[in-house]
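The structure under discussion appears below in the form of structure tokens.
The values are calculated or read from the model by the stated rules, or taken from the named source; none is laboratory data. Since the model is a prediction, treat every value here as computed from it, not as a measurement. Using ideal geometry, Cβ is built from the backbone for each residue, glycine included, and neighbour counts are taken over all protein chains shown.
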């Protein structure tokens with residue numbers, strides 16, 4: 001009887017273990033630290049002290065503060081044009097730049113012309129597009145653990161997490177920040193392309209170290225706050241976004257407007273961020289995003305049109321939402 005009980009317990013454990021592995025694999029969550037995996041499943045998240053944050057920013061603690069953040073600047077002319085237009089109109093309040101991309105100079109010129117516009121570095125260690133590839137800022141020999149056989153970044157987060165060496169990762173991330181600053185981009189914060197830097201504990205600590213060493217804010221989605229505990233308290237440069245939203249893979253294009261309006265109508269008091277991906281459904285973006293429906297050219301044009309539509313703009317006003325950016329949040333840590 002005891003042996004049968006033990007066997008059944010082992011079977012249940014193995015099934016749960018395999019289910020967990022399958023879940024992480026299917027959702028491209030490269031979590032290989034089982035202590036972290038447990039905290040992730042348990043949802044052991046932390047939140048920003050919003051009472052202090054809102055006071056430092058001059059708001060009451062019952063306010064709804066929202067960052068609308070455009071990712072992937074530098075990817076193409078249409079990504080740049082739609083994002084810059086929206087930043088100037090304040091329909092987007094913040095954005096970040098892929099320094100490994102082809103069209104970075106235009107963003108640097110824009111930042112020098114409009115230094116108050118809030119821009120960050122979209123720290124990039126993956127290269128997900130089918131044909132439109134990139135590698136690092138540093139030489140291939142200096143970051144060989146980050147590159148595949150064709151000297152491009154790995155296409156997914158799992159391989160990056162498995163093979164990357166922390167010293168090489170640190171140097172490449174620092175090089176991306178250095179390049180942005182040297183080109184004249186007025187950098188306020190860092191974030192992570194495809195969230196690749198949020199899963200492995202050593203990688204995540206390296207990400208936060210880059211923020212601290214460069215006196216920049218670090219975007220931390222609430223899901224990644226499971227890293228913080230008594231042995232690793234949240235550093236002051238890390239800003240936990242308590243309510244983090246991004247249209248997920250698989251959403252139908254015709255449902256996107258309703259998805260975003262529902263977020264606005266049901267936003268809770270606190271610090272929130274919506275991440276968007278702008279662009280136009282033109283030949284260049286179709287070429288870059290070939291075979292991609294999620295975050296493809298049509299998706300990006302819809303994002304752009306929705307957030308610049310009077311219906312969405314009026315919904316923000318109707319719900320008494322205050323739009324802020326990372327430059328505003330700098331006041332919270334000074």
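Being outside any helix (DSSP H, G or I), closer than 28 Å to residue 128 by Cβ and touching a strand residue (DSSP E or B) at 6+ places or on another chain (Cβ under 6 Å) is the filter here, so list the residues in the range 294-334 that pass it.
If the condition is that a residue be outside any helix (DSSP H, G or I), closer than 28 Å to residue 128 by Cβ and touching a strand residue (DSSP E or B) at 6+ places or on another chain (Cβ under 6 Å), then 325 is the only one that fits.
Determine whether residue 149 is part of a helix (DSSP H, G or I), surrounded by fewer than 15 Cβ atoms within 10 Å (Cβ to Cβ) and modelled with pLDDT of 95 or more.
no
Which one of 101, 108 is under 21 Å from the mean Cα position of the chain (by Cα), modelled with pLDDT of 95 or more, in a loop (DSSP other than H, G, I, E, B) and surrounded by 13 or more Cβ atoms within 10 Å (Cβ to Cβ)? Lay out the reasoning, then the answer.
Values: 108 fails: in a loop (DSSP other than H, G, I, E, B).
Unique residue meeting the criteria: 101.
So, in the range 185-205, of the ones that are in a helix (DSSP H, G or I), in contact with a helix residue (DSSP H, G or I) (Cβ under 8 Å, 6 or more places away or on another chain) and in contact (Cβ under 8 Å) with a residue 40 or more places away in the chain, which residue ends up surrounded by the most Cβ atoms within 10 Å (Cβ to Cβ)?
203
It is to be established whether one or more residues within the range 131-143 are closer than 22 Å to residue 302 by Cβ, touching a residue at least 60 places away in the same chain (Cβ under 8 Å) and touching a strand residue (DSSP E or B) at 6+ places or on another chain (Cβ under 7 Å).
There is no residue in the range 131-143 that is closer than 22 Å to residue 302 by Cβ, touching a residue at least 60 places away in the same chain (Cβ under 8 Å) and touching a strand residue (DSSP E or B) at 6+ places or on another chain (Cβ under 7 Å).
Taking the stated definitions as given, is residue 36 closer than 21 Å to residue 191 by Cα, at pLDDT below 95 and part of a helix (DSSP H, G or I)? It would help to see each step written out before you state the result.
Working: closer than 21 Å to residue 191 by Cα: yes; at pLDDT below 95: yes; part of a helix (DSSP H, G or I): yes.
It is true that residue 36 is closer than 21 Å to residue 191 by Cα, at pLDDT below 95 and part of a helix (DSSP H, G or I).
Out of 261, 280, 323, report the one residue that is modelled with pLDDT of 95 or more and surrounded by 19 or more Cβ atoms within 10 Å (Cβ to Cβ).
After applying the criteria, what remains is 280.
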